[in-house]
1. Given the options Leu93, Leu69, name the one that is more than 30 Å from Asn127 (Cα to Cα) and among the aliphatic types (A, V, I, L, M).
2. Looking for whichever is aliphatic (A, V, I, L, M) and under 24 Å from Asp268 (Cβ atoms) here; the options are Val39, Val9, Val29. Which one fits?
3. What's the number of the only condition in (1) within 29 Å of Asn24 (Cα to Cα); (2) more than 36 Å from the chain's Cα centre (by Cα); (3) not β-branched (Val, Ile, Thr) that Ser55 fails to meet?
4. Which condition number in (1) in a loop (DSSP other than H, G, I, E, B); (2) free of Cβ contacts under 8 Å to residues at least 40 places away in the same chain; (3) closer than 19 Å to Ile190 by Cβ is the one that Asp98 fails?
5. In this structure, is Gly176 in a loop (DSSP other than H, G, I, E, B) and closer than 24 Å to Asp92 by Cβ?
6. I'd like the full set of residues that are assigned to a loop (DSSP other than H, G, I, E, B), surrounded by fewer than 17 Cβ atoms within 10 Å (Cβ to Cβ) and at pLDDT below 95, limited to the stretch 198-213.
7. Whether any residue in the stretch 20-43 is assigned by TED's automatic domain parsing to the domain that holds Glu269 and more than 30 Å from Arg113 (Cβ to Cβ) is what I want to check.
8. Would you please name the residue that is nearest to Val71 (Cα to Cα), looking only at residues in the stretch 25-38 that are over 13 Å from the mean Cα position of the chain (by Cα) and in a helix (DSSP H, G or I)?
Amino acid sequence: MMRSLYSAVTGLTNHQTKMDVIANNIANVNTVAYKSSRVIFQDIYSQTISPASASTTTTGGTNPEQIGLGVQVSISVVNTKGSSQYTGNALDLSIDGDGYFVLSDGGQTTYTRAGDFYTDADNYLVNSNGAYVRGYDVDTDGNLILDGLGNPIITNIYIDPAYYDVSISSNGQVIGLDETTNESVVLGQIILAKFSNTNGLEKTGDSAYRTTVNSGDPVYTTPGDGGSGSLNPGTLEMSNVDLTSQFADMIVTQRGFQANSRIITTTDEMLEEVVNMVR
């Protein structure tokens with residue numbers, strides 16, 4: 001009876017965890033580029049009452065007899081792409097495929113799928129939280145500028161105010177028109193980061209992620225190259241939360257919580273009967 005009591009406790013605890021995840025998903029249904037989380041239930045190790053035995057010349061083999069000791073959960077991020085919503089803002093970007101925008105936030109490098117960008121007072125391209133958008137340093141023709149070792153220089157995207165009608169192409173080039181000559185000039189090159197294990201990234205808030213020991217190191221590339229997605233200017237990626245499935249999961253989770261509560265109540269009644277037997 002004590003096993004059933006503690007198994008039910010694990011059920012209560014982990015169904016509450018699942019409800020917490022569902023609540024957070026629903027709360028972020030309108031968060032730009034939010035990736036929903038899911039909860040996977042797994043059984044805990046079992047107590048072996050009787051081990052398996054091999055067959056003999058006179059008897060057949062027997063299977064092991066085990067009693068489970070409860071449930072545990074794992075939480076993972078669902079990295080499916082959300083739908084794109086047209087905004088008409090030339091600096092809004094969504095990624096059509098794999099990859100993350102690279103940000104510099106207080107000296108720390110973070111990554112995001114949320115492309116709600118604008119220029120700050122110093123004419124740098126930043127996101128809604130003021131983090132700098134990173135890219136390759138290029139000349140006015142869009143050619144990469146290399147360092148002394150021949151590697152592309154990564155820098156903050158600066159949009160020179162001497163250029164107007166600034167737009168961003170699908171391959172990440174920031175293009176503006178010269179006020180004097182009206183010629184198109186490349187002002188910067190946005191980059192994307194790819195990871196061998198995107199589920200290994202850690203959420204930091206503000207729709208951003210950071211690397212962990214299990215995400216792999218970032219591989220930087222220009223949009224559309226190296227397996228990364230291209231950009232959709234003037235759009236934002238929406239949350240991938242499916243409200244229908246979340247409400248269905250909520251009902252199942254609530255019933256699971258109630259069932260485990262009932263097990264605790266029943267086990268308590270059985271223990272009370274045992275105590276009353278000795279009176």
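1. Numbers: Leu93 fails: more than 30 Å from Asn127 (Cα to Cα).
Matching residue, one of Leu93, Leu69: Leu69.
2. Details: Val39 fails: under 24 Å from Asp268 (Cβ atoms); Val29 fails: under 24 Å from Asp268 (Cβ atoms).
The match here is Val9.
3. Only one criterion in (1) within 29 Å of Asn24 (Cα to Cα); (2) more than 36 Å from the chain's Cα centre (by Cα); (3) not β-branched (Val, Ile, Thr) is unmet by Ser55, namely (1).
4. (2)
5. Values: in a loop (DSSP other than H, G, I, E, B): no; closer than 24 Å to Asp92 by Cβ: yes.
It is false that Gly176 is in a loop (DSSP other than H, G, I, E, B) and closer than 24 Å to Asp92 by Cβ.
6. From the stretch 198-213, those assigned to a loop (DSSP other than H, G, I, E, B) are 201, 206-207, 211-213; that's our starting set.
Of the ones still in play, those that are also surrounded by fewer than 17 Cβ atoms within 10 Å (Cβ to Cβ) are 206, 212-213.
Once the filter is applied, which keeps residues that are assigned to a loop (DSSP other than H, G, I, E, B), surrounded by fewer than 17 Cβ atoms within 10 Å (Cβ to Cβ) and at pLDDT below 95, the stretch 198-213 yields only Asp206.
7. So the first thing to find is which residues in the stretch 20-43 are assigned by TED's automatic domain parsing to the domain that holds Glu269, and the list is 20-43.
Remaining after also requiring more than 30 Å from Arg113 (Cβ to Cβ): 43.
Looking for residues that are assigned by TED's automatic domain parsing to the domain that holds Glu269 and more than 30 Å from Arg113 (Cβ to Cβ), one finds at least one in the stretch 20-43, hence yes.
8. We begin by selecting, within the stretch 25-38, every residue over 13 Å from the mean Cα position of the chain (by Cα); these are 26-27, 29-30.
In the following step, the residues that additionally are in a helix (DSSP H, G or I) were identified as 26-27.
On the way: Ile26: 25, Ala27: 26 Å.
Once the filter is applied, the top-ranked residue is Ile26.
The values are calculated or read from the model by the stated rules, or taken from the named source; none is laboratory data. Given the structure is predicted, the values throughout are model-derived calculations rather than measurements. Note that we place each Cβ from the backbone using ideal geometry, even for glycine, and neighbour counts take in every protein chain shown.
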